[in-house]
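Some notes on the structure that comes next.
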Amino acid sequence: MLFERQVSNVNLNSNVNLSSDEDTNSAASSSLACPTEKKLRNACYCEENVWRLAYRRLFGSTGDVGREASKENEQYYVVFVSNEEKCCPMLYQVASEHPLKPCFWDYHVILILSRKRMKKGKQVMDATVYDMDSNLKYPSSLEEYLNNTFDFKFSDHEEAIKFAPLFRVVRAEKYIEHFHSDRMHMMKDGKWMATPPKYDCIKTPNMKKNKSGFFSNLFDYVSMKRNQKSSSSLGEVMTLEQLKKRFGIQ
């Protein structure tokens, strides 16, 4: 089954409340107030789930929150998973009937923590992934996560190339600063395709309407066109092998 989040023709209206991070019902405030990380999850809103998770880890200070990447050798990355077909098979997803039955996501979003440490006199990299929609251990080593989640057997070589995952890797600080969404991509024929989060929509001071007339830059992040120049706020698109190499997986 393909879980699609299609752009609709519904316009922004007064029922959609865009808030600042100073509001008590903002994504930022609600992320810090949430009792556990896994309870940050709202089904089908992974782009917001990871925004809140990244904010919580970078700026939280109590309980399981105070793990911000404050050291020079630590860095969080928001990673969008998709491909040019907008159809990417992923195993071990909560939304699937069985861990080994793939979800064919139009896009998915995860958080990666990269740490550098010394081992036998050499600097090595450890990478950990946080995916609230995965049945794998939370968190998992990035190597374990990638080897299990994308161990999908295609029927032929052409399909393997066509539906192979691509990854847009963005510094978490940049994503928190620039991402915004009015959630209108989740409206179809005037109805929500999935119940929206109760906290207010994520906005930025200089946000503008996109080509569909919505206040959202979500699909700038979802886009996996590798020949397209990206600003630093949109990060870099990588293949699976490039992602492994980027985070020190042999």
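The phi-based Karplus calculation (6.51 cos²θ - 1.76 cosθ + 1.60; θ = phi - 60°) puts the 3J(HN,Hα) values of segment 134-142 at 9, 7, 6, 3, 10, x, 10, 5, 4 Hz, whole numbers, x for Gly and Pro. Taking the average, over residues, of other Cβ atoms within 10 Å as the packing measure, peptides 191-203, 48-60 rank 48-60, 191-203 from highest down. Each peptide in 149-158, 35-44 gets a packing score, the mean of other Cβ atoms within 10 Å over its residues, and the list from highest to lowest is 35-44, 149-158.
Considering only C-alpha atoms, what is the centroid distance from segment 178-250 to segment 90-144, in Å? So the two Cα centres are separated by 19 Å. Taking amide H as placed 1.01 Å from N in the peptide plane, Ile202 has its amide H under 5 Å from the amide H of Ser181, each at least 5 places away in sequence or on another chain. Computed extension length for Thr24-Arg171: 50.4 nm, one decimal, from 0.36 nm per residue of separation with the Cα-Cα distance subtracted. So what's the net charge close to Lys153: Lys and Arg +1, Asp and Glu -1, counting the other residues with Cβ under 15 Å from its Cβ? That sum, taken over residues with Cβ under 15 Å, equals -2. Checked against a 19 Å cut-off, the cross-linked pairs Lys122/Lys245; Lys39/Lys198; Lys188/Lys211; Lys39/Lys174; Lys39/Lys86 give Cα-Cα distances beyond that limit for Lys39/Lys174; Lys39/Lys86.
No lab work stands behind these numbers, since they all come straight from the coordinates. For clarity, every value in this text was computed on a predicted model and none was experimentally measured. Quick reminder, even Gly has a Cβ in these numbers, built from the backbone with ideal geometry, and neighbours come from all protein chains shown.
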